[in-house]
Amino acid sequence: MHPEGVKAFPHYYVGIDSLADFAVKEDRVCVLNITGGESRGVTPISHVYSGGNIICGTAPGRSGSVMKTAAGEIPIYDNVTEAVDDGCEFNTVVVYLPPAGVRDGVIEAVRADPNLKRIIILTEKVPVRDARVIRAIGQMHGIDIFGGNCLGIADAHNHVRIGGALGGNAPEESLLPGSVAIFSNSGNFTTTIAVYLATGGWGSTVSLSSGKDIYIHYSAPEWTNAFHNDERSTSAVMYIEPGGYYERDLEFDKPVVACVVGRWKAKLTKACGHAGAIAGSGDNASAKEAWFMEKFAVDEIFTPENPVCSEKGAVVINISHIPLAMTAVMAKRGVNPDFGPVGDLSMKCWFSNTQGIDLPPELNPSVVTALEPYDQQIAGLDDQVGVVFPRQVMKDTSGASMMDPKTQVSKIHGTSVLDASTHSFEENLVQSLIREYPNANSTTLANTALNAFINQHGHIGLAAADAAREAGNSPNTALSAAVAMLGPSKVEASRATVKTLVNLFKKSGLEDPANVNFDFRSQLEEALTGEARELLISDAKCSHGAAIMDAIEGSGAHSLFIDFLKALADKSGGCIRGQVVLGAITTHLAWSALMRKRINLSTTVNMPWHFRLFSTLVGSAASAEQQSANEFCGISNGKLMNSWSFSETAHLALFGRRPSEGELYAFSVLLGLIVTNGPGTISAQGAKGAVSADGPEAPERVQINKGYIGFLTHTGYAHGGNGFEAIAFLVDRFRDSSLTDPGADDHGLNLKEMATSYAKEYRAYKKQAKAEGNPSYAKIPCVNHPVFKGEPVNFDPREVFVNDLLKNRSNYNVFLEFYHELVQALFDTGVSRNVYCVNVDAVIAVILLKMLWQPYAKGEISNNTMESAAFTTFLFGRMIGSAAEIDDHTNRGRNMDTRTAASRCSYAG
């Protein structure tokens, strides 16, 4: 029956004729697959909200069990027939079955229950053929079908929800009784619309998530008829997606706001999102906008700036405009909202983290107190020190590095190696762990800390490295021996220092550890009366600790944590050990990133270990003969701590002298370029595998030094040592020349002639090799690239970037200029079809050779020494990226996650 004066629309369904009958208190429900993943969370809430309307559920093999809810237990049966035979009476079935089982589940329910009037299918992507069968069965038996791929029905007046999660976990907060009916192709947006309407003072009657499978059973025409027959619903909102012609011929006697979305889907050729949300011919978003604009007699989209509407309705394309549009349309009819606004749609930040960036006010809104219970959860987050990364399988995956396959430029923590090459060695080492570059004050502290532990005299690790070298091992193997000696017990005091300082200051409000005016009296008092004093202060004198403290004071660097240690030592009459000072410095370096939740506590605690390893790797590159108790490579320990950068110290360890300004810049560029090539490189895989084997899910058990051993053992003559090939090639070209200074552009050499002469020589060699059928003839190192090729003249953008850097600093390199002449000569003499690029590996080779050329030309170093220096330089640079991978995998990885499944392995018998 229709209310008097209400038009009876033709329809294709059988029973439910009004929204008032969609979901009523008398409805009783059976849920198929009630124990499924989605139902387990949704069904108990629906049952409680609706006053206990779910009579039973089915789950094969679970007969006799129950689902417990706050409104009582719901019995579970193996199938619908068993439930009916046990006396369960229901008129509605909710289907959570997998797509392939939906048709059979519906058929069984219809056969078993003669009282069935409604079936709600939540399952997505029900086969179209099955959907047709289901529709026919509904027609034959007088049963209305809703869905598929829907979230069901909710009636705010009746306080009933049948099916999915409309209204979320607290439907009574979202579904406020009012006068607006809601029809939505999107399940989640059905709830969102109800909440948004409330901000304009509009409540809802019935909310229907129609679903957006290819076949929609209770679709827009059926719903429109029921809408007109519901006296409570004086207006409606329809949320419409592309695809299908359900809305084209609709006629409305009540006002409607139509939100048509999905313009961006017009060019898609396959479904994205809902299975049915792909347009065919004339049913895309633009077409549907036009349909509704014609129905409402409007010629434009409604926006707050252009509120075009009529008494019949409005068309919006932004869901947030729905409340304004509804108010505007109803105002033309003289109808006010149902109640006062409930909230508003302004941005409300419950928490904020600007990462220290000075943002303009419009991008940095004020923080407001969150609603319960979220306010308590956020308060818990505030108590959490540092970030907590989700654990996942990290095989071939990294949160630290990546390589762009198009540009071949790698990044570490979002910084490209090109940009890294403009930073110093020590800055890149710090950035590898705290994910951002240190300022000048922090860099000074880092230099002091790294140089304080550079001297390996008397350490067993140096003896092990020398023994490995004497046995004929490569540099990476020798350094592995030294690293193995720096286990967790060697850094226990430093790590304990970090933990202690973090616990003392984590709730102090300290943001900038360089703020020496910060009042730490309460922390000092706590340390004096607790265990902190025993951890931080020693009764025995420590000359090393005193030397580091003197170096910090002499450098002019400032740190609240250093000042705190001084005050604690003065108050308690003790001394500060070197390991404690190291812990304080690394805490300073990590503090800001830790407080902004950019890094986690584990990274901060392990930073002293990483720093000791950095110093050990560089320090052990120099033999025991070059180190004494007071000097490293001829420079006093105090001088290194006071006035040397770690970049200079690394150069000293390799080449035996302090670099000039130009050499230092070129050396820093070189180290920055080789920081990383992404997580797929062998060296990165070695580091990650070592962490994975220790079990990062218990991060305190991960042996950080073993991660570096993994990196070192996964370098070798083919990966790391291969850079010497280019050096050897250039030495052969320049050995008999008169070159004395490769950095002087007035060298007097005819580079073009040298390049042309070699190109002709190489052409003859290549021709002969091919004639002899030798496909593995020697290639010229560092020219051509598998990506940067095919153009008449080719360039490796990485090499171009570095070449420009060096030129801008008037840092001439004759070897790089020779390479540029060579690629042109290879083309001119017919060796190549186009001009090859000079690739970035050439840059590494020419910078190294420039540093080594003069001692080599004077006979002071041998080919073996030069090869060792080239290999070790690679290790220094790649140490940066490996530190980042070790730390990242420790924080994110899962136990043994780098292993390869047996099914992917093969036997080459």
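The values are calculated or read from the model by the stated rules, or taken from the named source; none is laboratory data. Everything numeric here is computed off the predicted structure, so don't read it as measured data. So basically every Cβ, Gly included, is an ideal-geometry build from the backbone, and we count neighbours across all protein chains shown. With ligands, DNA and RNA removed, areas are computed over all heavy atoms of the protein, side chains included. Shrake-Rupley method; radii C 1.70, N 1.55, O 1.52, S 1.80 Å.
Which of the trypsin sites (Lys or Arg not before Pro) found in region 479-526 are in a DSSP loop and have at most 14 neighbouring Cβ atoms, other than their own, within 10 Å?
Values: sites: 490, 495, 499, 506, 507, 521; in loops: 506, 507.
Here the sparse-neighbourhood loop sites are 507.
Starting from the residue with the highest accessible area, list 62, 118 in decreasing order, probe 1.4 Å.
Working: 62 105, 118 10 Å².
Ranked from most to least accessible, the order is 62, 118.
Per residue, how much accessible area does region 385-491 have with a 1.4 Å probe, in Å²?
38 Å²
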> Given H placed on each backbone N at 1.01 Å, which residues far from residue 176 in sequence or on other chains put an amide H within less than 5 Å of it?
Replying inline: 204
> Taking 0.36 nm per intervening residue step and subtracting the Cα-Cα distance, what contour gain separates residue 65 from residue 761 on full extension?
Replying inline: 242.0 nm
>> What do you get for the angle between helix 682-694 and the principal long axis of the chain? Use alpha-carbon atoms, 0 to 90 degrees, nearest ten.
In response: 70 degrees
>> Which of rounded, prolate or oblate describes region 293-341 when judged by the alpha-carbon gyration tensor and an a/c cut-off of 1.5?
In response: oblate
> What is the sum of charges around residue 720, taking Lys and Arg as +1, Asp and Glu as -1, for the other residues whose C-beta is under 15 Å from the C-beta of residue 720?
Replying inline: -2
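Taking a 1.4 Å probe, which of 807, 688 shows the most accessible area, and what order do the others take after it?
Details: 807 120, 688 0 Å².
From most exposed to least exposed: 807, 688.
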> Taking θ as phi - 60°, what are the ³J(HN,Hα) couplings along region 665-680 by the Karplus curve (6.51, -1.76, 1.60), each to the nearest whole Hz, with x for Gly and Pro?
Replying inline: 5, 5, 5, 5, 4, 4, 5, x, 5, 9, 4, 7, 10, x, x, x
>> With the crude spin-label approximation of a point 7 Å out along Cα→Cβ, what separation in nm comes out for residue 735 versus residue 570?
In response: 6.5 nm
> Using the Karplus equation 6.51 cos²θ - 1.76 cosθ + 1.60 (θ = phi - 60°), what ³J(HN,Hα) coupling, rounded to whole Hz, does each residue of region 128-135 give in order, writing x for Gly and Pro?
Replying inline: 4, 4, 5, 4, 5, 4, 4, 4
> Which percent of the accessible heavy-atom area of region 656-757 goes to carbon and sulfur, probe 1.4 angstrom?
Replying inline: 47 percent
> Given the Cα-Cα distance of residue 701 and residue 471 and 0.36 nm per residue of separation, how much length would full extension add, in nm?
Replying inline: 79.6 nm
> Assigning unit charges at the beta carbon (Lys, Arg +1; Asp, Glu -1) and nothing else, what dipole magnitude in debye, to the nearest 20, does region 798-837 show about its Cα centre?
Replying inline: 140 debye
> If 374, 437 are ordered by their accessible area, calculated over protein heavy atoms with a 1.4 Å probe, which sequence runs from highest to lowest?
Replying inline: 374, 437
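When the dipole is taken about the Cα centre of region 781-898, and only Lys, Arg (+1) and Asp, Glu (-1) are charged at their Cβ, what size is it in debye, to the nearest 20?
Numbers: 10 positive and 14 negative charges, 18 e Å.
Dipole magnitude for region 781-898 comes out near 80 debye.
May I have the convex hull volume per residue, in Å³, for the Cα set of region 420-531? Can you show the working numbers first?
Values: hull volume 16.8 nm³, N = 112.
Dividing the Cα hull volume of region 420-531 by its residues yields 150 Å³.
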> How far apart, in nm, are the 7 Å Cα→Cβ label points at residue 522 and residue 135?
Replying inline: 6.9 nm
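First compute the accessible area of region 37-147 with a 1.4 Å probe, then give the percent of it belonging to carbon and sulfur atoms. Write down the numbers at each step before the final one.
On the way: 2450 of 4940 Å².
The computed percentage sits at 50.
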> Amide H neighbours of residue 402 under 5 Å, counting only residues 5+ apart in sequence or on other chains, H built in-plane at 1.01 Å?
Replying inline: 411, 678
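Given the DSSP H assignment, sum -39500 (n - 2.57) over each helix run of at least 4 residues in the chain and divide by its residue total; what's the result at 222 nm in deg cm²/dmol, nearest 500?
Details: 33 runs with 406 residues, N = 909.
Taken over the chain, the calculation gives -14000 deg cm²/dmol.
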> Taking 0.36 nm per intervening residue step and subtracting the Cα-Cα distance, what contour gain separates residue 833 from residue 810 on full extension?
Replying inline: 5.0 nm
> Based on Cβ point charges of +1 for Lys and Arg and -1 for Asp and Glu, what charge dipole magnitude is obtained for the chain about its Cα centre, in debye rounded to the nearest 20?
Replying inline: 1900 debye
> Taking the Cα centre of each part, how many Å lie between region 156-181 and region 686-707?
Replying inline: 50 Å
> In square nanometres, what is one fourth of the surface area of the convex hull spanned by the alpha carbons of the chain?
Replying inline: 50.1 nm²
>> Using a 1.4 Å probe on the protein heavy atoms only, what accessible surface does residue 485 show? Give it in Å² to the nearest 10.
In response: 80 Å²
> Once the whole set of protein chains is in place, how much accessible area is left on residue 588, using a 1.4 Å probe, in Å² to the nearest 10?
Replying inline: 10 Å²
> Taking R0 as 25 Å, what's the FRET efficiency between residue 490 and residue 597 from their Cβ-Cβ distance, rounded to 0.05?
Replying inline: 0.25
> Under the classification rounded if a/c is under 1.5, otherwise prolate if a/b is larger than b/c and oblate if not, where does region 678-784 fall, given a ≥ b ≥ c as square roots of the Cα gyration tensor eigenvalues?
Replying inline: oblate
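Keeping every protein chain present and rolling a 1.4 Å probe, give me the accessible area per residue for region 149-232 in Å².
Working: 1860 Å² over 84 residues.
So region 149-232 comes to 22 Å² accessible per residue, rounded to a whole number.
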>> Over region 641-794, with the other protein chains present, what is the accessible area per residue in square angstrom, probe 1.4 angstrom?
In response: 46 Å²
> Along region 193-201, what does the Karplus equation 6.51 cos²θ - 1.76 cosθ + 1.60 (θ = phi - 60°) give for ³J(HN,Hα), rounded to whole Hz, x for Gly and Pro?
Replying inline: 4, 4, 5, 5, 4, 4, 5, x, x
> Hey, any idea what % of region 312-360's accessible area is carbon plus sulfur with a 1.4 Å probe?
Replying inline: 59 percent
>> Could you compute how much accessible surface residue 27 exposes when probed at 1.4 Å, giving the result in Å² to the nearest 10?
In response: 10 Å²
> Along the charge dipole of region 470-547, which of 513, 543, 480 sits closest to the positive end, that is, farthest toward it, with unit charges on the beta carbon of Lys, Arg, Asp and Glu (+1, +1, -1, -1)?
Replying inline: 480
> Per residue and in cubic angstrom, what volume does the convex hull of the Cα atoms of region 1-144 have?
Replying inline: 120 Å³
>> What lysines does residue 770 reach when the alpha-carbon gap must be under 23 Å and sequence neighbours fewer than 8 apart in one chain are set aside?
In response: 760, 779, 789
> What residue among 638, 616, 591 has its Cα farthest toward the positive end of the dipole of region 574-642, where the charges are +1 on Lys, Arg and -1 on Asp, Glu, each on the Cβ?
Replying inline: 591
>> Let me make sure I get this right: for region 596-745, a, b and c are the square roots of the gyration tensor eigenvalues over alpha carbons, sorted descending. Under 1.5 in a/c it's rounded, otherwise prolate if a/b > b/c, else oblate. Which is it?
In response: oblate
> Considering region 823-909, what Rg and Dmax in Å follow from its alpha-carbon atoms?
Replying inline: 21.3, 58
> Once the dipole of region 61-110 is set up with Lys and Arg at +1 and Asp and Glu at -1 on Cβ about the Cα centre, which of 77, 110, 100 lies farthest towards its positive end?
Replying inline: 100
> What are the residues whose amide H is under 5 Å from the amide H of residue 386, where those residues sit 5 or more places off or on another chain and H is modelled from the backbone?
Replying inline: 597
